[in-house]
Amino acid sequence: MADFVISEHVAKAIILVFDSQVLGVVFASAIFGLFVGAIPGLTATMAAALLVPMTFFMPPLPALGAVVAVSAMAIFAGDLPAAMLRMPGTPASAAYAEESYAMALQGKLELNLSTNLICSVAGGLVGVGFLMLAAPLLAEVAIHFSSFEYFWLSCLGVSCASLISGKQTSHALLSLLFGLGFACVGIDPVTGVARFTVESIELAGGIHLIPSMIGAFALSELMRSSAEQGLSLAPVQEKIGALFSNLRFVATTYWQNFLRGSLLGTAIGALPGAGADVAAWISYAMAKRFSKQPEQFGKGHLEGIVESTSSNNAALGGAWIPALVFGIPGDSVTAIVIGVLYMKGMNPGPSIFSQTPDLVYALFIIFILANLLMLPLGWLAIKLAARLFRTPRALLLPMILMTCVLGSYAMTNSSFGIVLMLFFGILAWLMESHDIPIGPMMLGIVLGGLLEQSFMTSMIKADGKMIGFFERPIAAGLSVITLCIWSIMLYRLLSGISNQNARRQA
Amino acid sequence: MRNSIRRLKHRVAKLTMAVMFGCLATQAMAAWPSDQPINMIIAYAPGGGTDIVARSLVPFIEKHLGDGAKINILNRPGAGGGIGFAAIANAAADGYTIGFINTPPIITIPIERQAAWTLSSFDYLGNIVDDPGTFCVHQDSPIKSLAELQAFAKSNPKKVTIGSTGVGSDDHLAMLMFERAAGVALTHVPFKGSSETRTAITGKHITVAAINVGEALQYLKSGSPLRCLGQMTAQRMSMAPDWPTFKEQGFAFEMASLRGIAAPRGLPSAVRERLARAIERAANDPMFKEAAERAFAPVRFLAPNAYEAEIRAGDSQFRQLWKDMPWTDR
């Protein structure tokens, strides 16, 4: 009987979805998302927010379908400039921007992008799968994440710093401390005091992630390539031919990475306090930690890319889990979704499944459709991108610089964004020329706020007693993992130093 | 054949001329608000409560301004709204920059620290949303009224944790006013937004959630296990007729978050009047009202003078509170 009811709802849902208006809106939003995601400085959240006034005049389903399509496409499209220009299109692509760019320089741009595409599609589908099958269960776990759990999660994330860079651990830690330092700029979230703002109104808002990311990754690379290589031609690209012929290669070699990335991505996405960008960083570090050839990372190796690019798209589906089950947004895109849902007279929460089951199933179908639509549209985008990559550097570099400036401006809607971008570009250039990796710094900026906020909130709640960090079951589990990782790292660091000393003495 | 082509060419030329002329003419004629888009500054990130209200309202303001007016939304988030408010205050007063200002931060930031605006930096165009505060506990909590909360907090000083949307937020100030009125001491837990507060109260990580009535109704509707202890209003709202006001329960204070539209001080009077009129009509547009109601954003339109008066009244109230119990470390 229950099966019969479900299949009836699914049938109704299919009729709802395969309507020319719904499909048209989804298609148009997908193309829109592709553009927005590919332009650095415009995020998936921004793309969804731009849709809000339009969804106002739409029935619920196309309105939600538009947001789904736009966000899925934007997260994938962020990979394009990341690989071509070392300029992550959205923060979710920052974790593997360097690795992708290294591949492009080796002439493997198409292999990289097609892997990104396939993994994004498949990872997205895994996320949707969990959303469809296990949403209530996962949401129940996610709701038990309080500040104590987030504290340990951000500690785990921060520990990834040493893994995401191939350089010496001490250099990675130095870079991480820079990042955490920058994350302290702005108004103290607990006492309301302005810190390191040098009386500037703009700095009171803190260091914006996106302009600093564009500066650190793209501008520094721009400066280096024009200083070192001159205005030489783009590296010759290997022809991949049919983009999807390497599907089997990736599937057979890296299926474990894909699975781990998608699962972790879904789980992190489902947490209300962490989204696709954090998922990608942690997945990249996981890939390296469990890899048989960690020494290849950072030199244009596919393994980490597979894991993290699957992860960030899976996180999208994951973020809908608490949004639909509790009405609690899993990320900033689902925050908009919840607003749209209410405006359409629908109430996210347990009742949405019983009150409007057709619509929920229709939404799931659109999720799947949007991910499948990514294949042809993404393929076109890659072809276009590859052609763009072949333009002479002398023409490309000024264009990139202009995009950097525009993207940074777009984020803050003021020239402050451009100043930040320039500052981080020069800083990153100096750091890299002294062999200090910039990845850990960006990780510090991403996680610094969460780390501080969760620590302070926890201490307030626990009345200043540290034991609070170990009392709750999930927190205790996470703390054990974190502390183990830290001891291993410390052991390696110390033994590395003693080895060096031994060598020096010998 | 040749003839017809010539005729076509002629026609095209004529048409081009007409279009060019037309453009010139409209350009010469065009004036505010149709010659360039109006920027509306939102001091919060895309997707937040203010942002969504603004984005739903904008099409209606455009409609009632007429003449093909176009409004762009610019998000200038950061520093609890401080960056965006400063941008509105310091823009040129030419009618091309307007923005949403929110109480209490528009009032409290200049009290707390050196700010780039005062309340005299703005031309107030109209209030849109008025969302009063409330205190909610988890359904499993033994506390059933404000009196019980007071009694519990009295016997357990500093043990009651209360989540707010940040230092100096309306929720934080409401907590302070309750402490003052009830003679108790609570422990403040600042979060970054009301959805974090909500997660915390749902997971029983805090004792009390200080949120707004609209938010509470929204959360209740989506099945959050909350019990709301009252509303900080003068009279019960039509949205929540069953919740006693704080005043009825013996705690004589009101607190709300007003979200309205302002422009830099000194707009040309014709521009100011036209904007205010368009905003009033947009706020009263049934289609907007319906959507806002569904989104649990309580619309309470206030005309410019009444709006400014209410903000000034809030200012003297908060200055007194700042004297009694300053809410940031100085």
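Readers should treat all values here as calculations from the given coordinates under stated rules, not as data from a laboratory. These figures come from a predicted structure and were not determined experimentally. Cβ atoms come from the backbone with ideal geometry, glycine included; neighbour counts cover every protein chain shown.
Side notes on the structure shown:
- Computed log10 I(q)/I(0) for the protein assembly as shown at 0.07, 0.09, 0.10 Å⁻¹: -0.54, -0.91, -1.12, from the Debye equation with unit scatterers placed on every C-alpha and solvent omitted.
- For A:ARG195, the amide hydrogen comes within under 5 Å of the amide hydrogens of A:GLY186, A:ILE187, A:ASP188, counting only partners 5 or more places away or on other chains and with H modelled in the peptide plane.
- Fraction of the pair-distance distribution of the range A:375-444 above 21 Å, Cα-Cα pairs, percent: 50
- Within-11-Å neighbourhood charge of A:ALA183 [Cβ basis; K, R +1; D, E -1]: 0
- Reciprocal of mean inverse Cα separation for the range A:96-195 (Kirkwood radius, Å): 17.6
- Spatial extent of the range A:408-470: Rg and Dmax, with the Cα atoms as the point set, Å: 17.3, 46
- Here is the P(r) of the range B:189-273: all C-alpha pair distances, binned every 10 Å from 0, give 15, 37, 26, 13, 8, 1 in whole percents.
- Cα centroid separation, the range A:93-113 to the range B:100-172 (Å): 48
- Per-selection metrics, the range A:1-50 (Cα): Rg and Dmax in Å: 16.4, 51
- Compactness index (Cα Rg / 2.2 N^0.38 Å), the range A:418-506: 1.57
- Within 10 Å of each Cβ in A:480-492, the average number of Cβ atoms from other chains: 0
- Euclidean distance between Cα centres, the range A:387-453 to the range B:190-253, Å: 42
- Here A:LYS299 and A:ASP188 are evaluated by their C-beta separation; at R0 = 35 Å the FRET efficiency comes out at 0.30.
- Per-residue Karplus couplings for the range A:45-62, computed as 6.51 cos²θ - 1.76 cosθ + 1.60 with θ equal to phi - 60°, are listed in order as 4, 4, 4, 5, 5, 5, 7, 3, x, 6, 5, 4, 9, 10, x, x, 5, x Hz, Gly and Pro entered as x.
- Derived scalar couplings ³J(HN,Hα) [the range A:145-154; Karplus, 6.51 cos²θ - 1.76 cosθ + 1.60; whole Hz; x for Gly, Pro]: 7, 9, 4, 5, 5, 5, 4, 5, 4, 6
- The range B:132-231 gives an Rg/Rh value of 0.92, both radii derived from C-alpha positions and Rh following Kirkwood.
- Positive contributions from Lys and Arg (+1) and negative ones from Asp and Glu (-1), summed over other residues with Cβ under 12 Å from the Cβ of B:TYR44, come out at +3.
- Residues with amide H under 5 Å from that of B:ILE73, placed H, sequence gap 5 or more: B:MET40
- Part-to-part distance (alpha-carbon centres) for the range B:288-324 and the range B:41-74, which is given in Å: 19
- Extending 7 Å from the Cα toward the beta-carbon at both B:MET239 and A:ALA28 defines two label points whose distance is 3.1 nm.
- Packing-based exposure ordering (other Cβ within 10 Å, fewest first) of B:HIS205, A:HIS208: A:HIS208, B:HIS205
- Mean separation of Cα contacts under 8 Å, 6 or more apart, over the residue count of chain A: relative contact order %: 27
- For the pair A:GLU471 and A:SER354, a Förster radius of 41 Å applied to the C-beta separation gives a FRET efficiency near 0.70, rounded to the nearest 0.05.
- Annotation for the range A:462-506: trypsin sites (Lys or Arg not before Pro) lying in DSSP loop with at most 12 further Cβ atoms inside 10 Å of their Cβ are A:LYS465.
- For the range B:235-330, averaging the sequence separation of C-alpha pairs within contact (under 8 Å, six or more residues apart) and dividing by the residue count gives a relative contact order of 12 percent.
- P(r) tail, the range A:1-88: Cα-Cα pairs separated by more than 19 Å, 47% of all pairs.
- Taken over chain B, the convex hull of the Cα atoms encloses 156 Å³ per residue.
- Relative contact order of the range B:132-231, pairs being alpha-carbon contacts under 8 Å that are 6 or more residues apart, as %: 46
- Global size of the range B:183-330 as Cα Rg and Dmax, reported in angstrom: 18.1, 54
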